[in-house]
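Participant: I'd like to ask you about the structure that follows.
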Amino acid sequence: MTRGEVADLLRVHPTTVSRWVKHGEIGYYRIGGRVLFRSDDVWAFFEKHRG
């Protein structure tokens, strides 16, 4: 998933997703200069922070 797709899914601004990446709060992969996210990592982040 891209940063924009994660932002849409979690209903936050893409800048918020970038901040989570910068602080190591959400798992991501860097492939060819692109930051990508696995859906499993996004849902694990969601479960950890919901409430």
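Participant: Of the peptides 4-17, 27-40, how do they stack up when ordered by the mean number of other Cβ atoms within 10 Å, highest first?
Facilitator: Values: 4-17: 14.8, 27-40: 11.6.
Result, highest mean first: 4-17, 27-40.
Participant: So, one more: Please give the per residue accessible area of the chain, computed with a probe of 1.4 Å over protein heavy atoms only, in Å².
Facilitator: Details: 3800 Å² over 51 residues.
Ligands and nucleic acids excluded, the result is 74 Å² per residue.
Participant: Ratio to report: Rg/Rh of the chain, with Cα atoms as the point set and Rh obtained by the Kirkwood method; give two decimals. Don't jump to the answer; show the numbers that get you there.
Facilitator: Values: Rg = 10.1 Å, Rh = 10.9 Å.
When Rh is taken as the Kirkwood radius, the ratio is 0.92.
Participant: Based solely on its DSSP helices, what 222 nm [θ] is calculated for the chain when runs of n ≥ 4 H residues each add -39,500 (n - 2.57) and the sum is averaged over all residues, nearest 500 deg cm²/dmol?
Facilitator: Details: 3 runs with 28 residues, N = 51.
Calculated mean residue ellipticity at 222 nm is -15500 deg cm²/dmol.
The values are calculated or read from the model by the stated rules, or taken from the named source; none is laboratory data. A quick note: this is a predicted structure, and the numbers were derived from the prediction, not measured. A quick note on method: Cβ atoms are made from the backbone with ideal geometry, for glycine too, and the neighbour counts reach across all protein chains shown. Surface areas here come from the heavy atoms of the whole protein model, side chains and all, with no ligands, DNA or RNA. Shrake-Rupley method; radii C 1.70, N 1.55, O 1.52, S 1.80 Å.
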